[in-house]
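The structure appears right after this line, and notes come after that.
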Amino acid sequence: MLVFNFTIGTAFFLRPGAMIAAAKQDAWLVPLWAGAAVLLVACLWLVLAKGNPGLSIVQICVKAAGNKIGGFIALLYISFFIQTASWVTRNLGDFMKSTLMPNTPISVFHFMFLIVACYASVKGMESISRVNELLSPAVVFMLVAICLFAMSEWKWERFEPMFRLNVWETMKETRAIIGFPFLEVITLTMLVPYVKSRVKTALLLGIGLATLFLSGIIFVTIGVLGVTRASHFTYPLFIIAQELRIAEFIERVETTIVIVWLVWIFVKLCITYHCAVTGICQLFRLSDRTWIAISLLLLVSGFAITFSENVVENIEWDRRYIFQYTSLYGVVFPILLIILTRIRRNRNKDGGGPL
């Protein structure tokens, strides 16, 4: 459930519009190929974890590459976790300010969630996992219910003509979805040492279910709103909930979809925040994470405010750079660490001593 909720996180709200604009009526296919590609990448992460049992990605960096180079790579990973937490926080602020409370300063939304995330990080991963386990069935049920009620506006004609996309061009235009949300799952390698069993099943199944779920949401969005309308909205799923009418007298149920998104943002923010705090403590060998968590609150909030001027600039940065940026942490560094781990192991076998 942690892998599933982390992957879905902010993606189910932010991705449909951009994917539909790029791939039109075949946009629901985009998460399928992207998820399949990242399932192969996730096997790299599992190989890396298997070669370094009981260690997080930050500890693996130091062990495989040494204190200096490995410490630098570990520091880059920590900065990646902080940046992801800042981005999630900014996405929350942009949504709340543009759709619900336009007169409220965006920093208010940031601090409200970051204070809770800070407290959750201090209490530990077990507390976050229990809250995640408690809330997951409710939010999935609410989202599925909204999609089912929205089917009254469904029209199959909105998918015509099907399967007309240029595969290679579409893959290039929509490669950003690989970076966000799928490659961001590398963050969860910080939690592998706490998992007692079935790491492989949990990781691959969580990514697979999130892939199908995201594809289904885009499919419903196209069928209900159509390609033209959906591609012109930043948050098309919010529009679906806003226009939904149930039994002729229940209207404007968008607050329900907001609750769903806030819960998923809370889970993803808590995980990334906790991983950043844990990574700092592991790298610098600190035992008390309380003050690290409190200090990080101001840092993440500051990054969230300065990350971009507005939601349009945020989306443009995502479209151009997110794939390359996350590929560095999700693909390049794991391959490098696997190679260094095997070199170190072979040297130890030959009696040459550790690197």
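Read the figures in this text as sums done on the coordinates, not as results from a lab. These numbers were taken from a predicted model, which means no experiment stands behind them. Note that we place each Cβ from the backbone using ideal geometry, even for glycine, and neighbour counts take in every protein chain shown.
Which of the peptides 205-214, 166-175 is most tightly packed, and how do the rest follow, judged by the mean count of other Cβ atoms within 10 Å per residue? Don't skip to the end; give the middle numbers.
Numbers: 205-214: 19.5, 166-175: 14.6.
Sorting 205-214, 166-175 by mean packing, highest first, produces 205-214, 166-175.
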| note | Along the range 175-191, Karplus-curve 3J(HN,Hα) (6.51, -1.76, 1.60; θ = phi - 60°) to the nearest Hz, with x for Gly and Pro, reads 5, 4, 5, 5, x, 10, x, 5, 5, 5, 5, 3, 4, 6, 5, 5, 9
| query | So what are the ³J(HN,Hα) numbers for the range 209-224, from phi and the Karplus equation (6.51, -1.76, 1.60; θ = phi - 60°), rounded to whole Hz, Gly and Pro as x? | reply | 5, 5, 4, 5, 5, 5, 5, x, 5, 5, 4, 5, 4, 5, x, 8
| Most fluctuating residue given options Gln83, Gln242, Gln25, as computed from a GNM of the chain linking Cα atoms under 10 Å | Gln242
| message | If you average the C-alpha positions of the range 88-140 and of the range 181-231 separately, how far apart do those two centres end up, in angstrom? | response | 19 Å
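If packing is taken as the average count of other Cβ atoms within 10 Å, what order do 120-127, 180-187 fall into, highest mean first?
On the way: 120-127: 17.0, 180-187: 24.2.
Answer by packing, highest mean first, reads 180-187, 120-127.
What does the convex hull of the Cα atoms of the chain come to per residue, in Å³, rounded to a whole number?
Numbers: hull volume 48.0 nm³, N = 355.
Value for the chain: 135 Å³ per residue.
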| request: Just grab the label-to-label distance for Thr290 and Lys123, each label 7 Å out from Cα along the Cβ direction, in nm (one decimal). | output: 1.6 nm
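Which FRET efficiency value, to the nearest 0.05, is calculated for Met101 and Thr306 with the Förster distance at 35 angstrom and r the Cβ-Cβ distance?
On the way: r = 21 Å, r/R0 = 0.60.
After rounding, the FRET efficiency stands at 0.95.
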| note | Most packed first (mean Cβ within 10 Å per residue), the peptides 336-343, 217-224, 131-138 order as 217-224, 336-343, 131-138
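What is the range 110-261 by shape, rounded, prolate or oblate, if you read a ≥ b ≥ c off the alpha carbon gyration tensor as root eigenvalues and call it rounded for a/c under 1.5, prolate for a/b larger than b/c, and oblate otherwise?
Values: a/c = 2.17, a/b = 1.36, b/c = 1.59.
In terms of gyration-tensor shape, oblate.
Determine the calculated [θ] at 222 nm for the chain from helices alone, applying -39500 (n - 2.57) to every DSSP H run no shorter than 4 residues and normalising by the residue count; nearest 500 deg cm²/dmol. Working shown, then result.
On the way: 15 runs with 248 residues, N = 355.
Estimated from H runs of four or more residues: -23500 deg cm²/dmol.
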| task | Just tell me which lysines come within less than 27 Å, Cα to Cα, of Lys349; anything on the same chain fewer than 8 places away is out. | result | Lys50, Lys63, Lys68
| task | May I ask you to list the lysines whose Cα is less than 23 Å away from that of Lys268, ignoring any residue fewer than eight positions away on the same chain? | result | Lys97, Lys123, Lys196, Lys200
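Taking R0 as 35 Å, what's the FRET efficiency between Val144 and Arg347 from their Cβ-Cβ distance, rounded to 0.05?
Details: r = 53 Å, r/R0 = 1.51.
So the FRET efficiency works out to roughly 0.10.
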| task | Starting from the Cα of Val131, step 7 Å along the direction of its Cβ; do the same at Leu262; then give the gap between the two resulting points in nm. | result | 1.3 nm
| task | Mind running the shape call on the range 83-161? Use the C-alpha gyration tensor, a ≥ b ≥ c as the square roots of the eigenvalues: rounded below 1.5 for a/c, prolate if a/b tops b/c, oblate otherwise. | result | oblate
| request: Once every Cα of the range 24-151 carries one equal point scatterer and solvent is ignored, give the base-10 log of I(q)/I(0) from the Debye formula at q = 0.12 Å⁻¹, two decimals. | output: -0.83
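Once a ≥ b ≥ c are taken as the square roots of the eigenvalues of the Cα gyration tensor of the range 232-334, is the result rounded (a/c under 1.5), prolate (a/b larger than b/c) or oblate (a/b not larger than b/c)?
On the way: a/c = 2.60, a/b = 1.73, b/c = 1.51.
The shape class here is prolate.
Report the gain in length on full extension from Cys281 to Leu40: 0.36 nm times residue separation, minus Cα-Cα distance, nm rounded to one decimal. Please list the in-between numbers first.
Details: separation 241, 0.36 × 241 = 86.76 nm, distance 3.06 nm.
Going from the current span to full extension adds 83.7 nm.
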